[in-house]
Amino acid sequence: MGGPIASIVSAGISKFGVREGLYTRELFTEAARDAFDQCPNLDPKRDIQALFVGMMSDSYEHQAHVAPLFLDWIGLTPSPAFRTEGACASSSVALRTALFAIASKMYDVVLVGGVEKMTHVSTTGVTEILAMASDFPFEQWQGISFPGIFGMMAVDHMHKYGTTEEQLAKVAVKNHEHGALNPKAHFQKLITVDDVLKSAQVAWPLKLYDCCPRSDGASCLVLTSPEMARKFTDTPVNIIGTGHAQDTLSLFDRENFSSMRVTRIASEQAYKQANVTAKDIDVAELHDCFTIAEIIAYEDLGFCERGKGGILVEEGATHLGGRIPTNTSGGLKAKGHPVGATGAAQACEIYLQLTNQAERRQVSGAEVGLTENVGGSASTGIVHVYKRGD
Amino acid sequence: MQKTSGSLTPHEEEKGRFVKDQTGAILPTVENFYTFCAQRKLMAIKCRQCKAIIWPPRGICPKCLGTQSDWIELKGKGKLLTFTVIHFPPSQFQAIAPYAVGIVKLEEGPQLPGMIKQVKLSELKIGMELQADFETHIPKEWPRWPRYFFKPAD
């Protein structure tokens, strides 16, 4: 396998969900404190040289220029802070940027995170803010929402491969089962296929329970050079592969609506650098903003053949205990999707899994993990491969 | 063919609020696309270098990176590639929900997203023949973009 690019030595995550009265600065502080508390050998003021933080929208809180704000609130001024935006992949962009910083040897200890505060805004308001990540004059102007974009992907997938609404529902059911095992998840309750099928239509064939919720939350990682990792922990998790691609901002201009080119390219890059194949992955966090997105991700990542994603979930292969458990955290669907926090939160879950700290949702013996995070209609796609430090 | 570099016909000067370059050419922009829509014309651009028909109009051809193009009018006829029915819309569309949107592949090649009107939602089908039409309403404030939409072909 490939050598380490950088090492995660600690991970922190806030409780995800409806966090009434707490804003991004406080949620981010909660995640950062969690990461600091887990790493007693870290002196943040002395050791952390920079912050890389992802957040999608300034509209929720009427607050821009958040990089210095978050840095200030965790007491790390005057270190430099970088804010990245890639819609739902904002903090995966932050993580990848931080990898460049480490690999360039500019820094050797940095903080990477993400945050979003959404639940104080109405569902309609959130729909409109999220829609800003699609093309305004041609998608938003035509009344196309994000569920609408993924609804069109789902219709294409069903038409081409015979994927069923029941198979979509099984992704949601699985991720709720996993979320119920994660005390930080937004939803802790189990749902049935029937619950999904009978839930309100949002953008046919996607129903309410095919869609991730709006959530509040933050996530944080302490990332170091591989050489520095042992100073902070005996059990680092190494990032051994990274990939990143962009597609058209809009869905309409693509050759294929039932595959995500960015995920195919980013995973090829990450697998190649890590010198692994899909078969080597023991546990994965995937971008299930809508159930169809997880099914498409299975195929684009090579977890199954093209068109067989619905069958893969139906067979239980991606369930805890299955061949390739996905979204053990509950995924965006049950853990929640505070947009900017999601990418780094996926990395947090893989860190917990590969350090054997995932408690009731632990994948036994997991050594190699993967995260797949997409922004917008898969206009941004980022894949990382992780390996337990030897 | 209306060149993106070249002079306007009197007819267009009269009706249009086109954004032009110093030579008077209608620039290949979003705003100009919608100004054509106000004239009930669905327009794309054709790259002079690789001859690709590009929509939405833009200054650099995404296929060959050519920068010279001409406006061409699309017939607006095409087939539905995929669709969805939006039940939970952004606020400005709440009055008309549920409504259908889809992606239509036009005969000339471009794939356009748009609302599909004048069809029963239960009768929407991939592959159905559609025809573009235009709303007559032009908003008074930005964005002053009259919408195109699709309806079943005659």
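Derivation of every value follows stated rules applied to the coordinates shown; laboratory data play no part. None of the values given here were measured: they were computed from a predicted structure. Please note: Cβ atoms are built from the backbone with ideal geometry, for glycine as well, and neighbour counts cover all protein chains shown.
Annotations
- When chain B is treated as a GNM with alpha-carbon contacts under 10 Å, the residue of B:Leu42, B:Leu121, B:Leu74 showing the greatest mean-square fluctuation is B:Leu121.
- Shielding of A:147-155 by partner chains, average beta-carbon count, 10 Å: 6
- Of the residues A:Asn275, A:Met1, B:Pro146, the one whose Cα sits farthest toward the positive end of the charge dipole of the protein assembly as shown, with +1 on the Cβ of Lys and Arg and -1 on the Cβ of Asp and Glu, is B:Pro146.
- Isolated Cys in the protein assembly as shown, by beta carbon distance under 4.7 Å: A:Cys39, A:Cys88, A:Cys211, A:Cys212, A:Cys220, A:Cys289, A:Cys304, A:Cys348, B:Cys37
- Only Lys, Arg, Asp and Glu carry charge here, each on its Cβ (+1 for the first two, -1 for the last two); on that basis the protein assembly as shown has a dipole of about 800 debye about its Cα centre.
- Working from Cα pairs under 8 Å separated by at least six residues, relative contact order for the range A:258-390 is 33 percent.
- Alpha-carbon gyration tensor eigenvalues x 5, square-rooted, for the protein assembly as shown, Å: 42, 26, 21
- Counted charge near A:Lys117, where neighbours are those whose Cβ lies closer than 14 Å (Asp, Glu -1; Lys, Arg +1): -3
- Cα gyration tensor category, rounded, prolate or oblate, for the range B:77-152 with a/c compared to 1.5: oblate
- Cβ-Cβ FRET estimate between A:Gln49 and A:Arg323, R0 fixed at 60 Å, reported to 0.05: 0.90
- Simple label model, 7 Å out from Cα along Cβ direction - B:Lys117 to A:Lys105, nm: 6.4 nm
- Among A:Ala266, A:Ala358, A:Ala334: highest mean-square fluctuation, GNM of chain A, C-alpha pairs under 10 Å: A:Ala358
- Projecting label points 7 angstrom from Cα along Cα→Cβ for B:Ile138 and A:Thr235 puts them 6.7 nm apart.
- Counting, for every residue in B:87-97, the Cβ atoms of other protein chains within 10 Å of its Cβ and taking the mean gives 6.
- Acute angle (nearest 10 degrees) that the helix A:146-161 long axis makes with the longest principal axis of chain A, alpha-carbon atoms: 60 degrees
- Mean-square fluctuations from a GNM of chain B, with a 10 angstrom spring cutoff on Cα atoms, peak among B:Glu73, B:Glu123, B:Glu31 at B:Glu123.
- Average partner coverage of B:76-85, which counts Cβ from other chains inside 10 Å: 5
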